[in-house]
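Inspection log for the structure reproduced underneath, given as structure tokens.
The values are calculated or read from the model by the stated rules, or taken from the named source; none is laboratory data. Just so it is clear, the model here is predicted, and its values are computed rather than measured. Don't worry about glycine lacking a Cβ; one is built from the backbone with ideal geometry, like all the others, and counts go over all protein chains shown. SASA here: full protein model, heavy atoms, side chains in, ligands and nucleic acids out. Shrake-Rupley method; radii C 1.70, N 1.55, O 1.52, S 1.80 Å.
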Amino acid sequence: MRPYLATFRRDLRFAVRHGADTAVVLAFFVVAVVLFPLGIGPAAGTLAVIAPGVVWVAALLATLLSLDRLFAADFEDGTVDLFLTGRNSLLLIVLAKCAAHWLTTGLPLIALSPVLAAMLHLPAAGYVMLALGLLLGTPVLTLLGAVGAALVLGARRGGVLVAILVLPLYIPVLIFGVLSVDAVIHAADPWPHILLLGAALLAGLVIAPPAAVVALRSAAE
Amino acid sequence: MISLSVESLACVRGGRAVFGGLGFEAAGGDAIELRGPNGAGKSSLLRLLAGLLPPAAGAVVWTGGAETSRPALTYCGHRDPVKAWLTVREHLAWWRDLEGNGDIEAAAGAMGIAPLLEVAGGLLSAGQRRRLALTRLALAETPVWLLDEPAVSLDENGVALLTAMIGRHRARGGLIVVATHQAAGLPDARTVTLGHDAPDGAAVP
């Protein structure tokens, strides 16, 4: 376990020492959400209807913004070569990096979401479900994002490319995340949607790391 | 004892044949110096040996290691995996956790960077960064070292320390393949020449 814990700790250390990188992502999340009341007016009724969707879309975009720090620097300076030629499981290294990424991106987004939801007049019933959906959904965003981030290594304008590659894959997470909040607001059953988010997380845990490993290998060629 | 056999190896990069029909053998204790002009494929050959590139033809066969396919190896490319935000000691601790059990202080001493242990990677000079990258070799203690121009930006003392480290590794039965342009090579190293008029039959077919 030691190599993977060391990789996890190293990436956490980066987030701590380069706090600005994390702060920029969170600031983007806040600014993106704040634009909506400004753009469509402060009517509480309208905002409450769009609140779950706005928070979720902003969370997708904020995650997208943070993806380039997952592999790009390690690719540039040859650390990926070190991973590839070493004796450790690349799969677990990718998982360790994803865990550190989620802890420094997804978790702060979840912590901020109630504040933004309050600003958008989300009905009180929706808060817990929004946080629960994000808790299951943001790791999926990280995992799918890792595949995209690994695929665009070495490409010019990788940031734009990764958006085009990854955003379509985020759509199911967005839909089930928003539906679960809508359901609980309208006193319907949110659990099918939450269970589907959980299924997406399990599928992502199984499918995304091997795909990212293949992408890293081909990027190093 | 580890041994390496390269059999009619060919390398194609971006549709262009870099070298072909390359063959040589090496065993534990040997040092192979790859020489040839820029673009002759020295770095590509090292990446082939490291398993980072698939061969276009031919084979790289390792025998005698604990594993059937590729032995434990340390590949030092031309880029230094040094982070501006980690200190020298943190780099060494991370590499040790990643691939070895070596002693950090001793390894730092082997490349003469012991006084720099608490300095951040971003403050190192190019030569110091290189020394730090090469310190990985002393930490990992793998039987095979693949070095791509390891002496670039090292001062005389750095080259001497590197040569001494390579000597100790060979004495332990380690195998070294090094791409180099340095006129003064390693003592009793075998030379494999790549390029158009290569005597080793490594010319592009």
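Quick notes on this one:
- Label-point gap, in nm, between A:H186 and A:A131 - each point 7 angstrom along Cα→Cβ: 2.5 nm
- Size of charge dipole - the protein assembly as shown - debye, nearest 20, with Cβ of Lys, Arg +1 and Asp, Glu -1, no other charges: 220 debye
- Pairing chains B and A buries close to 2500 square angstrom of accessible surface in total, based on protein heavy atoms and a 1.4 angstrom probe.
- Shape box of the range B:44-96 [Cα atoms, principal axes, largest first, Å]: 42, 25, 10
- Sparsely packed trypsin sites (Lys or Arg not before Pro) within the range A:1-94, loop by DSSP, other Cβ within 10 Å at most 15: A:R87
- Taking all protein chains together and a 1.4 Å probe, the residues B:R131, B:R89, A:R157 rank A:R157, B:R89, B:R131 from largest to smallest accessible area.
- Loop sites in the range B:138-194: trypsin sites (Lys or Arg not before Pro), DSSP, at most 16 other Cβ within 10 Å: B:R172
- Among the GluC sites (Glu not before Pro) within the range B:72-134, those in coil by DSSP and having at most 13 neighbouring Cβ atoms inside 10 Å are B:E118.
- Shape of the protein assembly as shown, Cα gyration tensor, a/c cut at 1.5: prolate
- In the range B:55-157, the alpha-carbon atoms span a convex hull of 124 Å³ per residue.
- Tensor-based shape of the range B:99-156 (alpha-carbon gyration tensor, a/c under 1.5 rounded, otherwise prolate or oblate): oblate
- The residues of the range B:72-102 occluded by other protein chains by 40 Å² or more of accessible area, set against the chain on its own, are B:R79, B:P81, B:K83, B:W85, B:E90, B:W94, B:D97, B:L98; surface from heavy atoms, 1.4 Å probe.
- Neighbouring partner chain Cβ atoms per residue of A:13-21, average, 10 Å criterion: 2
- Rolling a 1.4 Å probe over the heavy atoms of the protein chains gives the range B:82-139 an accessible area of 33 Å² per residue.
- Chain A - percent relative contact order, Cα under 8 Å, separation 6 or more: 27 percent
- Cα gyration tensor shape for the range A:146-221, rounded if a/c is under 1.5, else prolate or oblate: oblate
- Here the contact order of the range B:82-139, divided by its residue count and restricted to Cα pairs under 8 Å and six or more residues apart, works out to 51 percent.
- Percent accessible area from carbon and sulfur atoms, the range B:66-205, protein chains only, probe 1.4 Å: 54 percent
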